[in-house]
1. Which net charge results when you count Lys and Arg as +1 and Asp and Glu as -1 among the other residues whose beta-carbon is under 13 Å from that of Val221?
2. With labels modelled as points extended 7 Å from the Cα through the Cβ direction, what inter-label distance (nm, one decimal) is found for Glu173 paired with Asn286?
3. Go through segment 140-156 residue by residue and turn each phi into a ³J(HN,Hα) via Karplus (6.51, -1.76, 1.60, θ = phi - 60°); whole Hz please, and just put x for glycine and proline.
4. Nearest 5 is fine: what % of DSSP beta bridges in the chain come out antiparallel, could you say?
5. With runs of 4+ DSSP H residues as the only contributors, calculate the mean residue ellipticity of the chain at 222 nm using -39,500 (n - 2.57) per run, divided by the residue total and rounded to the nearest 500.
6. Can you list residues whose amide H is under 5 Å from Asp31's amide H, if they're 5+ apart or on another chain and H is modeled 1.01 Å from N?
7. Over 29 Å between C-alpha atoms is what I'm after, so list which of Lys4/Lys226; Lys164/Lys184; Lys184/Lys290; Lys32/Lys290; Lys83/Lys200; Lys79/Lys163 land there.
8. Rounded to the nearest Å, what's the spacing between the alpha carbon centres of segment 1-65 and segment 105-165? Just the number, please.
Amino acid sequence: MKSKASAPGKIILFGEHFVVYGVKAILCAIDKRVTVSAEKIPQNKISIKSSFGNIVESPDRPIKEIESQFRPFYYLADKMIQKYKEKFGIEITITSEIPSGVGLGSSSACCVASAAAISGLFTKNSKEEILQMAIEAEKTIFPNNSGADSTVCTYGGLIQYDKKGGFSKIDTEINFDLIIANSKIKHSTKEVVSYVKNFKENNEERFAIICNEVNRLVEDVLICIKNNDLEGIGRNMTKNQKYLESIGVSNEKLREMIALSNKSSFGAKLTGAGDGGCIFSLADKNNLQKTVNNLEEKNYECFTGKIDFTGLDTF
Ligand code: MEV
């Protein structure tokens, strides 16, 4: 028996980094997916096949001994094998349309789809249960993650998220086009989050003021979303980018890509941890192609995307 699941990538529309310190963030699932299939195999082994490599390991090994990029998937498979005292093994195959390590939620989408596919071999779980497993699994490589990325990959659409209050879906008719451009500079989310922690500790007062301003900005964006006001959302993206600049998570290349996008789109900013990775611009059918041209003329690779309203899908 095969169990299959897929989950979308994401962008953080507003509030990355500040969300780690309790500020509300707004996230959007995008129409690029990870698909995971899981199958019981006769050998008592955990086998993982993916574009980032393959491993075959015995179950019940200390998680720290597993190569880090495979840890979440090994963790999920091993947990099920131990829970159900399984004599068989599990083979996991991961395929992805989402570039990894560039702020588009590929790690969270892999964790969500894997949690659903692997647990689906044993029992049926609710989205909430799958999300909890995915967050636990992602913590094996990224212990301080806020859980925001996995949440939007599970539920799809637009969500507001804060660490204390949890998340809620933003009920909206809004639709827009996204132009996502990759700086091709890989970043480590863990390292950038730890850099921001350091920045905060050395600038407590300044950081608290910025957090308050981002909180206000997010409330304003929620009104813009309600009013289908793409120009208002775009203006706030430019403001949010300034706050990200002020904590030092942007760089020259991202600034250049954002400036090119701003010539025609409603607004642009980095998404995710920053210090590399991707930027995205907000557009509709009238300024979409112009924005793509502005980036491509300067040899920046980009692709267009839409909101994914499905979230986790099992089949
Ligand atoms: C990473 O996609 C988003 C950050 O805010 C970290 C997190 O929320 O866990 C930088």
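Derivation of every value follows stated rules applied to the coordinates shown; laboratory data play no part. Here the structure is a predicted model, which means the values were calculated and not measured. Cβ sites come from the backbone with ideal geometry, for glycine too, and all protein chains shown count toward neighbours.
1. On the way: positive: Lys24, Arg216, Lys226, Arg235, Lys239, Lys269; negative: Glu213, Glu219, Asp220, Asp229, Glu231.
In short, +1.
2. With each label placed 7 Å out from Cα toward Cβ, I get 1.8 nm.
3. 5, 10, 8, x, 9, 5, 6, x, 5, 5, 5, 5, 5, 5, 7, 9, x
4. Working: 51 of 55 bridges.
Bridges in the chain that DSSP calls antiparallel: roughly 95 percent.
5. Details: 9 runs with 122 residues, N = 315.
Taken over the chain, the calculation gives -12500 deg cm²/dmol.
6. Lys306, Asp308
7. On the way: Lys4/Lys226 35 Å; Lys164/Lys184 34 Å; Lys184/Lys290 22 Å; Lys32/Lys290 22 Å; Lys83/Lys200 41 Å; Lys79/Lys163 26 Å.
Going by Cα-Cα distance, Lys4/Lys226; Lys164/Lys184; Lys83/Lys200 fall outside the 29 Å limit.
8. The distance from the Cα centre of segment 1-65 to that of segment 105-165 comes to 8 Å.
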